[in-house]
1. Which residue is farthest from residue B:297 (Cα to Cα), if the candidates are limited to the stretch B:250-279 and must be in a loop (DSSP other than H, G, I, E, B) and out of contact with any Asp or Glu (no Cβ under 9 Å at 6 or more places or on another chain)?
2. Give the number of residues within the stretch A:16-37 that are open to solvent by less than 30 Å² (accessible area, probe 1.4 Å), under 13 Å from residue A:63 (Cβ atoms) and facing chain B (nearest Cβ under 7 Å).
3. Filter the stretch B:322-343 for residues that are at pLDDT 90 or above and either in a loop (DSSP other than H, G, I, E, B) or touching a Cys at 6+ places or on another chain (Cβ under 8 Å) (or both) and give the result.
4. For residue B:409, indicate whether it is under 28 Å from residue B:299 (Cβ atoms), of a type in the set (Ser, Thr, Tyr), modelled with pLDDT of 90 or more and open to solvent by less than 20 Å² (accessible area, probe 1.4 Å).
5. Find the residue count for the stretch A:119-141, including only residues that are within 22 Å of residue B:16 (Cα to Cα) and crowded, with 24+ Cβ neighbours inside 10 Å.
6. Of all the residues that make up the stretch B:408-433, how many are in contact with a Lys or Arg (Cβ under 9 Å, 6 or more places away or on another chain) and part of a strand (DSSP E or B)?
7. Please find, within the stretch B:258-290, the residue that is surrounded by the most Cβ atoms within 10 Å (Cβ to Cβ) out of those that are more than 13 Å from every other protein chain (Cβ to nearest Cβ) and in contact with a helix residue (DSSP H, G or I) (Cβ under 8 Å, 6 or more places away or on another chain).
8. If we scan the stretch A:43-64, do we find a residue that is open to solvent by 40 Å² or more (accessible area, probe 1.4 Å), modelled with pLDDT under 80 and under 18 Å from the mean Cα position of the chain (by Cα)?
Amino acid sequence: MIEIEQSLPMSLETLWRDYADQLMRFATVLVGPSDAADIVVDAFMAVSRTATDAFVVNERAYLYRACTNRAHDLRRSRERRWARDLAAVVPSSSEQLDPLVDVRRAVAALSLGQRSVVYFVYWEDLTERSIAELLGVSPGTVRRHLARAQANLRKALT
Amino acid sequence: MNDNLQRDVHQVLADIVASTPSTPLNPFVAESAADEVSWGRRPTVASVRASLATDADAFEATVRELPRPHGRRWLSTAAVLIVLAAVAGLAIVVAARRTIDVRPAGSMQQSWMRLADPAGLFIASDHVDRVEVGTAYSSSNSAVRIAEVTPFQGGYVAVGATGYGFRSTGSVWTSADGISWSADDQQANFGVPAEAAPRATYGTELEHVATNGQRLVAIGNVYGSNPFYTLAAWWSDDGVHWTKSASRFERVQPDRASYPNVDGVIATSSGFIAFGEIGIDGSNDTTGRMWVSGDGTTWKDATEGLVGDHVRVAGIRAVGDRLLAFGSVGPSDRGRAQFWQSTDDGASWTTIDTPSPTDGTHTAVGRVLRSSFGLVAFGDAHEGDRSITGNPGPTAVLGGTEDIVEWISTDDGNTWQGVDTTSLNTADFDTITAAASGPNGIVLSIRRVGSVPFTTVVERTADGRHFQVIPFDAEQELDTLTSTDQGYLGTGSSNPPEKTEAADWEKPQSTSLWFLPA
């Protein structure tokens, strides 16, 4: 269980130590390697600005949402670049034509919400409930994101 | 093929995760500036500079993103302008609303028309949340979504939400004709419930609505602190003034992987029945659950009649003096279609023989409609591996195929016969997203996947066996279909006009209204 009964005055230093690495992975999947650090630092800045006013019971979820929200803020101006960055992530050892190019493009073309859910379901193996808490949405919304992500990913098969 | 996709998606995620840059040095490391930057305090440039003294680039990057007072003031100004523009728009709209022209079309030349939304009721604003700069939740994640529509006292009531997820506000729209809609101001009950959100951080979504003719019942999600999410019900006798039920639907069990979820609610001769699912102890799977209410004010568990785990009720329909339930039995990815009936208003249920494909396909009944040629049930059939990881998450579907299946009953649901739906299944994945039975037969909205990213096809049938395509905007999607005296009312999801190439199918999202004249 990741819920906490009441808000805790936790230091940003501790939060960074506990969560920065996993948030960096999440942010990289969201926006690609170039902007990941900016997104994560922004998320912590957002936490520092609002923690005393917000009824925060789950700082991990708070940080994940802050990352997602920051990515949405920047989406308009940077989405194309993120899609290019994500599609271009290919192991450097590969010297042949990338056989996964279509799948990479399909993953890169997902919306932020869809890519978040795909990451949590298929990489982190999180339950629907945990994903709903982290993203601050209902299980139904998680299912909708996943269904649409899957619909979009299937095109890689065709 | 499925194994390949599973492996490929994993590999792509693995490659992306492997490309994660090194985590920057901890900019909040405690030294002299520790107190200043602790949780709950706004960091200053000085404190961040102190902690980043050895990393000049990171410092510059961090300082660049510190809050900008001018930017915030600009946003506030923008918010005022937006409000003024909205008020002005509304004034214009009041006159314009009566000018909507819906011309009946010939029955053989049916075509959809998109209804105007002059009041801007269903248009997502990409700026609403930005006004609230200063919270970590501020974002552009706005959306307007109609979840369900029901006829009520000669008019129509639609329920849904404005906003997104736990920042949303439950919303109700009313209409006398299904064409001109209004949103009333009496919806404070759907906003932030004080007992759940003392800091006004959390919101509400309405998902389902039903009426017995006199009373409306709505069921939705209330976001709180602990538990994060609960189910709640409201009732109303006019569609405008709503009262929240004091009953707690389902206690959130901390050891269960799934939240309780309500999939629908119906009116019966003795009250209301809500149906949905809850997590199974010690398992990542879910099982069906029912709740009953006499008048919508209080609810209690009524699951006893449904025996066994892995029972999934997709819907219930009153048929004569009994209830017909439908769904599936079996684990989420290996279920088998099933009908049940109850003659005591849901207190107990018995199964009805349900024909299913014998080729190992996994089936489920999704909806039942009454038509001039009997009861018609539509569902889906899955073939192949539905999960790419076997993880405990939601029903993971990446592989296999998905087809529409159909049953018809001419004796009020006592016996069912399978129907050939070959003509409906033209892509790898065909799913019905909405359906209604009305003056011109049954209208189905079908999502077809196989092209990029999906297309919507609307089909009509007058006998349940032959289908005719009705032209519709293939890039739109219908979420609900409701029959009216004059035709069919559809509500759909639409993305904002500024949608970029890398499509964002969810946010911000508006609702579009459609009408298919009889």
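The values are calculated or read from the model by the stated rules, or taken from the named source; none is laboratory data. Because the structure is a prediction, the values reported are computed rather than measured. Here the Cβ is made from the backbone with ideal geometry for all residues, glycine too, and neighbour counts use every protein chain on show. Accessible surface areas use protein heavy atoms only, side chains included; no ligands, DNA or RNA. Shrake-Rupley method; radii C 1.70, N 1.55, O 1.52, S 1.80 Å.
1. Narrowing the stretch B:250-279 to residues in a loop (DSSP other than H, G, I, E, B): B:250-260, B:269-270.
Checking the rest, the ones that are also out of contact with any Asp or Glu (no Cβ under 9 Å at 6 or more places or on another chain) come to B:251-252.
Numbers: B:251: 18, B:252: 21 Å.
Residue satisfying both the conditions and the ranking: B:252.
2. 3
3. B:343 - this is the single residue of the stretch B:322-343 that is at pLDDT 90 or above and either in a loop (DSSP other than H, G, I, E, B) or touching a Cys at 6+ places or on another chain (Cβ under 8 Å) (or both).
4. When the stated conditions are applied, residue B:409 does not pass them.
5. Matching residues across the stretch A:119-141 total 5.
6. The qualifying residues number 7.
7. Residue satisfying both the conditions and the ranking: B:290.
8. Kept after step one, since they are open to solvent by 40 Å² or more (accessible area, probe 1.4 Å), are these residues of the stretch A:43-64: A:49, A:52-53, A:55, A:60.
Keeping just the survivors that are modelled with pLDDT under 80 gives A:49, A:52-53, A:55.
Checking the rest, the ones that are also under 18 Å from the mean Cα position of the chain (by Cα) come to none.
So far as the stretch A:43-64 goes, no, none of its residues is open to solvent by 40 Å² or more (accessible area, probe 1.4 Å), modelled with pLDDT under 80 and under 18 Å from the mean Cα position of the chain (by Cα).
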